[in-house]
1. Could you tell me whether any residue of the stretch 225-240 is open to solvent by less than 30 Å² (accessible area, probe 1.4 Å) and in a loop (DSSP other than H, G, I, E, B)?
2. Report every pair of residues separated by at least 6 positions or lying on different chains whose Cβ atoms are under 6 Å apart, first residue within the stretch 258-283 and over 27 Å from residue 311 (Cα atoms) and within 16 Å of the ligand (Cβ to nearest atom), second assigned to a helix (DSSP H, G or I) and not charged (D, E, K, R).
3. Out of the residues in the stretch 71-89 meeting the condition of being of a type in the set (Ser, Thr, Tyr) and surrounded by fewer than 21 Cβ atoms within 10 Å (Cβ to Cβ), tell me which one is farthest from the ligand (Cβ to nearest atom).
4. Please find, within the stretch 284-303, the residue that is farthest from residue 344 (Cα to Cα) out of those that are open to solvent by 10 Å² or more (accessible area, probe 1.4 Å) and within 15 Å of the ligand (Cβ to nearest atom).
5. May I ask you to list pairs of residues, at least six apart or on different chains, whose Cβ atoms are under 7 Å apart, with the first in the stretch 298-325 being free of Cβ contacts under 8 Å to residues at least 24 places away in the same chain and the second being open to solvent by 10 Å² or more (accessible area, probe 1.4 Å) and of a type in the set (Phe, Trp, Tyr)?
6. Suppose we filter the stretch 333-388 for residues that are at positive phi and open to solvent by 30 Å² or more (accessible area, probe 1.4 Å); how many remain?
7. Name the pairs: first residue in the stretch 68-83 and without any contact (Cβ under 8 Å) to a residue 40 or more places away in the chain, second residue aliphatic (A, V, I, L, M) and assigned to a helix (DSSP H, G or I), Cβ to Cβ under 9 Å, at least 6 apart or on different chains?
8. Evaluate the stretch 41-58: report whether one residue or more is acidic (Asp, Glu) and within 26 Å of residue 304 (Cα to Cα).
Amino acid sequence: MKRAAVAGLLALSLFRAGPLAAQSDPLAPIGRWSAYTRGAAQLPPMGWNSWNAFALDISEAKLIGSARIIVSSGLAAKGYRYIDLDEGWWARRAADGRMVIRADKFPSARLPDGRTSFRPLTDKLHGMGLKAGIYSDIGRNSCGQIHSDDIPNKPSGTLLEREVGLYGHVDQDIALYFGEWGFDLIKVDGCGIRGLWPESPKVLSGEFRALTPLVDSGSLGRTDIAATRALYDHVRQALERNNPDNDFIFSLCLWGAADVRSWARQMAGISRTSEDIFPIWGRMLHNMDTSIRRPLYAHPGSWNDPDMLYIGTGDFDAKHLTEARSHFSLWAMLNAPLMIGYDLRSADPALMEILGKREVIALNQDPAGNQAVLAYDSDDVSILVKALANGDKAIAVLNRTSDPVTASLTAGHLKFASDADVSLTHLWSGTHATLRDLAVPRYRQARSARWPLPLGNAGQREPRGRRSRRSRGRPARAPRHPALGGHAHLARAAALRRLGWRTGRQHSLFGADRHCREALRYRHRHPCQFPDRSAQQGLFPFQCAGRRR
Ligand code: GLA
């Protein structure tokens, strides 16, 4: 190891001292990337948001109930600090413009003078060691008002009283929410500037005033990017004015429209990259895809937001722990905000364990702040690689489909020295393995450097032909490898490069036949039930530690 290290250092010194070093390098990068430096989003924010759990049917009891569990379960100590109140809190805008809270749902908001204030609620959350978040819209009206008909907790009153969004009230509202009420985060939606064109049904019926749309989610050409950006920038200015201590987060919710990728990073701590997530596997993938293709827009201070977690519901409930782990792992790899969207008062312990998985949270909160990038992508398989602060790499190999797929995971995907040994840490099980342990000798002579890595899944059925051929006669001889008992592994790659390892021949991280046998055995033991699919998808992220023998 010592010799390799010396060789690496020498190579580096020679390069530095060489004649070319003094000349200007025509390929040297000249661009400078800047990200938003104000605000408290140096790391992706973590917490809980009411929307995916309760939608508009939110109340103080529900919110505080989940907040208490965040603290008592130890999730707060692991970083979940923001308790965000989404839509459903406002009653109306008073004649003087001050927002009135639904005190029937938030009893602590009722003040002796008849007004309402969220100060008691934020004081309570702060007293629990938590942060408080609130919700608004950049237009006059909200998503719930515009897109739903018979909704609970609707703002009521005259047309003007029902205009609860920030439009025309930015300075007043931000001063109220942050200066007086003490919130630490605001999520600002954009429905009010896209859904109220003059001929829209709710304008024609007289329910709301028209506001010429600035945003057309389907067309940048029909979007007024500059005007949209100016509205959100006004919020940024008000936030900075009202939060001189910088302890605030601006959560920009424009679903990837209005070219928001190019300007959100200059004003917001997090910015949504897609429409709403649903508790459906395919939709989760869709939201992931919108963020994974935007790694350049994620930096400490400003992060891509593929929307809140849906762990606990639908395809990610306690009966679908593989999917729940996959969803959580992907969000960690993306440096996405980890905002729980579940009624924690009824959370299954297995789900709490997923949400509290330290090793996976650590990926998300890695100080380098590098969002994972796609090392490989197809309709079936995506391989995500994320460079960590200590030089290690995290890898997620994702089977996107409901069928078994074969993937090749190579050293090349990791920018790894291919003839080096690699040790793997399985993040969900904590078990270790080395590349050499797992490689199967006969595959070393394979004609291609890329060896097949079959990606099965717990409980998933293989196509009949392949399955019967493999199972015929021979029971699995190799001991079941612990790294196959779960769904996450990670790669430490940079250590190898630091030591000056050569690149060349590529290794697969798993020998194919052992993986097949183990996957098959696992499947037999864990048949899985899917209400709406015959099989299930899965995620296999890796952690590998580069180490020399
Ligand atoms: C939009 C947002 C959601 C949620 C709802 C509330 O759809 O994208 O996250 O805040 O509005 O109505």
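The values are calculated or read from the model by the stated rules, or taken from the named source; none is laboratory data. The structure presented is a predicted model; accordingly, all values stated were derived computationally and were not measured. As a convention, Cβ positions derive from the backbone with ideal geometry for all residues, glycine included, and neighbour counts pool all protein chains shown. In case anyone asks, the SASA skips ligands and DNA or RNA and just uses the protein heavy atoms, side chains included. Shrake-Rupley method; radii C 1.70, N 1.55, O 1.52, S 1.80 Å.
1. No; the residues of the stretch 225-240 include none that is open to solvent by less than 30 Å² (accessible area, probe 1.4 Å) and in a loop (DSSP other than H, G, I, E, B).
2. 258/225; 258/228
3. My answer is 72.
4. So, considering only residues that are open to solvent by 10 Å² or more (accessible area, probe 1.4 Å) and within 15 Å of the ligand (Cβ to nearest atom), the one farthest from residue 344 (Cα to Cα) is 290.
5. Hits for this filter: zero, empty list.
6. Final tally of qualifying residues: 0.
7. Matching pairs, first to second residue: 77/71.
8. Looking for residues that are acidic (Asp, Glu) and within 26 Å of residue 304 (Cα to Cα), one finds none in the stretch 41-58, hence no.
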